[in-house]
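I have placed the structure first, in the form of structure tokens, so that the comments after it can refer back to it.
What follows draws every value from the coordinates through simple rules; no lab data is involved. Because the structure is a prediction, the values reported are computed rather than measured. Quick reminder, even Gly has a Cβ in these numbers, built from the backbone with ideal geometry, and neighbours come from all protein chains shown.
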């Protein structure tokens, strides 16, 4: 027998899976960690503990529980949250916590500075993306300006997956999909680092070499083998960001197909025949040469449901989410006229407003906890519908939506997303997530399967159909107006100009 191993580092949890040549799951393991919020607008992980430490933990657990011999594992693939910014020294040691993806909004001033210096049109033409909180380039400039002593020691800037790849192989490698999020440092037209645009931010020799996700980055070193239990010389793929691996895991493979990931954030990836470039969305080359991805992401989704549970249902213990879901299901659609803006960490696509704030609007004395929780779920669903609206405007309406992630277990959330967004959602048989996609990509990398064989590994199990609801037809336009009519107040409250 031969096996592939996939490990994914998420915002709050690391998951690993070991599968056989048919895609059957042999073993699973996970480990929780925390997102650090040192101050408002910041979001961080400890790279050595939360990324590498978790990888070691789940890998050793998989080998122990499966009784698979390390030599039987033919390839390893990793994915992780991203894009992140992690400066390391000449020995590869992290110089600070890893700065997370778009939920970290510390570089707002640098976004404005670089957009003005380079020009918004040039950035869009060369990088395929406007500069937003998702962009790593402004965060590197923040490092240079605000932490010059760390910047001076920086030999390489990594994201989470390249850090794991380095720990396993000793090589600094990054996939093109991740690199496209390093705007304005990456040129999507030449598929290379843009030395001229990077001037004044960082020298491109301090960025990893570029490769495709299913290329082999290197092989497990003796040092990494001693830590993980893996065999020395095991091939390690270049890997990618978690959302991309998650899309692969549920069968996204052809233009027009879209992955909707219900995780700590809603993240959307749609494959397109040609590049779709619009400042409201993100663009990247896909995991294989010649393919393209249009992407979107909300800032707080699962994170917001966790916040609600911790603030209003802490006393319910481990069963809190189940009880909250039941209470939300008992509340009528529209939550008795209650609107929720889910912008509790600003917002990413399509409004790209770091100064946006969360709000409940329409409260009265008849509202109960279940109404508020339904409003939270419908607020997130409205944010998702807003993205779908932009997709249609750009002529990129999806032909199929594949849903994945922990939120797919919440029937109210799923149905509200279909109803407000007007889209059916297919749910695959296995909803493990990115780690399963990693295991499949590892198999692709060593020639055990072809990319389109994911449908055999993970067929569709059910479909959530949209229902036309008069209450949503009335409330969704009001939800959009609520943000527009309170935006100036929100910015003044937060000091955003």
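Summary of packing: across the peptides 19-26, 167-174, the per-residue average of other C-beta atoms within 10 Å ranks them, highest first, as 167-174, 19-26.
FRET efficiency for the pair residue 429 and residue 155, taken as 1/(1 + (r/R0)^6) with r the Cβ-Cβ distance and R0 = 56 Å, rounds to 0.80.
Using R₀ = 22 Å, calculate the FRET efficiency as 1/(1 + (r/R₀)^6) where r is the Cβ-Cβ separation of residue 473 and residue 394; round to 0.05.
On the way: r = 23 Å, r/R0 = 1.03.
FRET efficiency, residue 473 to residue 394: 0.45.
For the chain, what's the relative contact order in percent, using C-alpha pairs closer than 8 Å and at least 6 residues apart?
Relative CO of the chain lands at 16 percent.
In terms of other Cβ atoms within 10 Å, 430, 93 run from fewest to most in the order 93, 430.
The Cα atoms of region 156-307 give a gyration tensor whose axes a ≥ b ≥ c have a/c of 1.5 or more with a/b no greater than b/c, which makes the shape oblate. For the listed peptides 477-487, 459-469, a ranking on the average number of other beta carbons within 10 Å per residue, highest first, reads 477-487, 459-469. One way to sum up the overall shape of region 3-243 is the equivalent ellipsoid from its Cα gyration tensor, whose semi-axes run 32, 18, 16 Å, largest first. Sorted from greatest to least, the principal axis extents spanned by the alpha carbons of the chain come out as 64, 52, 45 Å. Region 300-366 and region 55-116 have Cα centres separated by 29 Å. Calculated on the alpha-carbon coordinates, the convex hull of region 43-90 measures out at 118 cubic angstrom per residue.
Take the convex hull of the alpha carbons in region 403-497; its mean projected area over all directions comes to 9.6 nm². Scaling against 2.2 N^0.38 Å puts the C-alpha radius of gyration of region 380-436 at 1.16. Normalised by the number of residues in region 3-243, the mean separation of alpha-carbon contacts (under 8 Å, six or more apart) gives a relative contact order of 21 percent. In plain terms, the C-alpha convex hull of region 11-93 casts an average shadow of 7.0 nm² when viewed from every direction. Each part gets one Cα centre, and for region 186-211 versus region 436-472 those centres are 33 Å apart. Expressed per residue, the C-alpha convex hull volume of region 242-375 stands at 133 Å³.
A simple packing score, the average count of other Cβ atoms within 10 Å per residue, orders the peptides 330-341, 230-241 as 230-241, 330-341, with the highest score first.
Rounded, prolate or oblate: which fits region 148-229 when a ≥ b ≥ c are the square roots of the eigenvalues of the alpha-carbon gyration tensor, with rounded for a/c under 1.5 and prolate only if a/b beats b/c? Here region 148-229 falls in the oblate category.
Only counting other Cβ atoms within 10 Å, I'd like 78, 84 sorted with the fewest neighbours first. Display every interim value, and only then the final one.
On the way: 78 33, 84 30.
Neighbour counts put them in this order, fewest first: 84, 78.
Here the residues 259, 35, 1, ranked from fewest to most Cβ neighbours within 10 Å of their Cβ, fall in the order 1, 35, 259. If you wrap the tightest convex hull around every Cα atom of region 96-221 and split its volume per residue, you get 101 Å³. The relative contact order of region 1-131, computed from alpha carbon pairs under 8 Å that lie at least 6 residues apart in sequence, is 24 percent.
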